[in-house]
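This report refers to the structure that appears directly beneath it.
The values are calculated or read from the model by the stated rules, or taken from the named source; none is laboratory data. All of these numbers come straight from a predicted model, not from anything done at the bench. Glycine gets a Cβ as well: all are built from the backbone with ideal geometry, and neighbour counts include every protein chain shown.
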Amino acid sequence: MLLSRASLGPPAVVGVRASGPPPASLAGIFVVSAATLLLQMTFIRVFSAAIWYHFAFLVVSIALFGIGASGAALAVRPDRFRDPRWLGGGAVLFALSAVLAYVGTVAIPFAPFRIFQEPLQVAWFLLDDLLLVVPFFSAGATIALALRQWPRHVGRIYAFDLMGAALGPVLMFLVLPLMGARGAVALAALMGAGAAALLSPTRANRLASGFFAIGAAALVLAPGCLPDVRPDESKGVPQLERQGGRLVHSQWDPLARIDVVEIAGRAPVIFVDAAAATAMAPPARSDQARRELSALAFQMVQRPSVAIIGPGGGTDVQNALALGARQITAVEINPAIVDLVTGRYAAQVGHVFTDPRVRLVRDEGRSFLGRTPQHFGVIAFTLIDTWAASASGAFSLSENYLYTTEGLESYLEHLDPSGYLAITRWYYETPRLVAMAREALARLGVREPWRNVAVVNSRLRTLVLIKREPFTAADVAALRLRAALVGGTILHDPTADLAESEYGELLAAAHPTSWDKSDVLLVPASDESPFFFQMTRWRKLWSGLQRRTPDPGTLQPLAIPVAQIVLLTALAIGVLLSIGLLALPCLAGAPPPPGVGRWLGYFFALGVSYIVVEIVLMQRLTLFLGHPTYSVTAVLFAILLSSGLGSAWSGRRQGTAREVGGLLAWGLPLAIAFVAFAVPPLLRPLLGLPLPARMAVGMGVIAPLAFLMGMPFPIGIRLLAARGGRMIPWAWAANGCGSVLGSVGAVLGAMLGGFGVTLMSAGAIYAVAVLGIGRTPDRLE
């Protein structure tokens, strides 16, 4: 999950200056905020490639406590660091620590799946966290020091903070393909040094910052001086290297890191984030294609028109051509993979993607099918998410709109009347996939869904075939004959007695949740909660904790409830750190001012609500925009920019809290409800628009809500400033703690209740917080 640096709000400390911040200082705030979010998003990509997605979520969440810790530190010693030169010093420390954090985390041999066997891994994990804390602490302290100088101008400072942060995801999207992770880190350091020069009050300080900028610029021009990302040994790239493979190509794009490993006597393999693998094999002969489980559907229809979602290295395309497909639409989302199979390795794959029968589309599969009017004889998905990632549980915390009930319904609607939807997955995922097929067919008006589904197993893999029309006896006879060639077993025969089928009871059940004999979660994944890979039941958490990590060769990812462990660990750590940070000023001897609990609760609630809305909207718009990276970039840009404008607008308003922010108590929940329930159906007819237009529409529907979301924090800070400002540092710490805990709550809420319920919960928290603060009699001047 992504945490927005600026969503936490700016820290502020006690102090007043009559004049406002000069333009150079506002520019410095803008630049350091942009650099902070660029660094944060780069580290998310680094940890996704080096270890696994869910550990990136956990590590970066903990690191963001560094921003809140800066406020707690200033609350402990409010009279320290008043020299204006510390403004530039914080930005310089950010620049230095950003590079050191990258170098250190790359060098640390943290192996997450050995943590139960090697206690030393806990120390490596904590050291990772410590290294990440420093640059975020420094960035937070920089903004805090600026606000201590100009607390009455919080609206403008917060606006530049947010609008600068809005530039961060755009920079990552542009910079990562050109410069890689190392270059992105170097650019963040250069921006930090540049911000130091803008914030430094004297010529000598600016010159010193310039020297740091020269060093960072050298790294931007020669990022190879920094060490490259080292994937964990549990990932596919190092595993294949240990077998004699040679890493011959690596590149970054906004979606992932792409590696190619060549090994003598075998086809080169493309790896996505060092784990998800696809081989680039030579073209298959028809007799070879007939022995592939995933190719069975291509034989069930004479000369079909085929849609292949996620063709990767081209194996499915080759098999479909070998078995007589007349036309193939191959939909691949990753541009780096497209470049490899049409460029450097085009001859290796037999130039299949330039075959006149093949149309290669660079797009997200479900988004493409939702926009095209074309119908197909076969729509095929073959292990788009690989065994390596699934077996680790790495995807259990990630949303995936390909595998939802609404997704299956959409695919079936794009089939010819006698066409086949063919999904090849690992055997342990089959029950939930079958439950989703039953639900999708029921929504399409099929009264006996067990007659429209066939399940074929071959060792670790299972092929689920789904039709809009019932299977005939001739269909099953042909399927049985062809399954025998691949050594497959038919686990569900749609023409046989239900009692003879392993999946008969599930397919015939009144509702999938009534089939409760398995440890696997069977509730169909939906667009409201698209966590298909989270299949371990919560009630199995304790027994799962008592088990050791299974041998990856056993393919038992459900033996350990990875998602639950990660989420509850993050929640526990977040609660402990929050208590520690908020209690730190009192432990240091600072007496709590009157009403501190009410004010801390207000800013804590703002942190929770803001990040929940941010995360849910990023997930919600993934389907409309076509990929999580596009969604993250567009949503963060729109939310942060519009929130910044809302902050600037509120900073010019005068009057009581009720007068300045009176519309927020009902306006925020109403705007959230509109985005939660009215926007999704409004966006569906617009799926056919080109990507730039869809991004503009997505940002447009977010902007009004985000404008309102930018107002409560500066209003609260101005109210505290009117009371002397003593509680402002604590308010910043509370807001940061709420944001990190809110990120965990957003995922938990989406898993347990869905996105709509989670958004409305955030709206309710906003309403309670704003109503509570509206009774404050102080005036905003």
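At-a-glance table
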item: Residue selected from the stretch 4-50 under the condition crowded, with 24+ Cβ neighbours inside 10 Å and either at positive phi or assigned to a loop (DSSP other than H, G, I, E, B) (or both), by the criterion modelled with the highest pLDDT; result: 4
item: Boolean, residue 682 is assigned to a helix (DSSP H, G or I), touching a residue at least 24 places away in the same chain (Cβ under 8 Å) and under 23 Å from residue 400 (Cα atoms); result: no
item: Total residues in the stretch 697-719, condition under 11 Å from residue 679 (Cβ atoms) and hydrophobic (A, V, I, L, M, F, W, C); result: 4
item: Cβ-Cβ under 6 Å pairs, at least 6 apart or on other chains, the stretch 424-435 side more than 16 Å from residue 488 (Cα to Cα), far side of a type in the set (Val, Ile, Thr); result: 431/520; 433/464
item: Top-ranked residue in the stretch 320-363 [being part of a loop (DSSP other than H, G, I, E, B) and among the charged types (D, E, K, R); ranked as surrounded by the most Cβ atoms within 10 Å (Cβ to Cβ)]; result: 363
item: Selection count where residues are among the small types (Gly, Ala, Ser) and exposed (fewer than 15 other Cβ atoms within 10 Å of the Cβ), scope the stretch 215-251; result: 4
item: Residues of the stretch 260-278 classified as in a strand (DSSP E or B) and more than 21 Å from the chain's Cα centre (by Cα), total; result: 6
item: Filter result for residue 143 (crowded, with 24+ Cβ neighbours inside 10 Å and under 20 Å from residue 737 (Cβ atoms)); result: yes
item: Residue match in the stretch 294-306 (condition: on the phi > 0 side of the Ramachandran plot, assigned by TED's automatic domain parsing to the domain that holds residue 466 and surrounded by fewer than 22 Cβ atoms within 10 Å (Cβ to Cβ)); result: yes
item: Residue tally, condition in a loop (DSSP other than H, G, I, E, B) and either more than 17 Å from residue 565 (Cβ to Cβ) or modelled with pLDDT under 70 (or both), over the stretch 104-117; result: 4
item: Among residues of the stretch 651-669, those that are loosely packed, with under 14 Cβ neighbours inside 10 Å and at pLDDT 90 or above, counted; result: 0
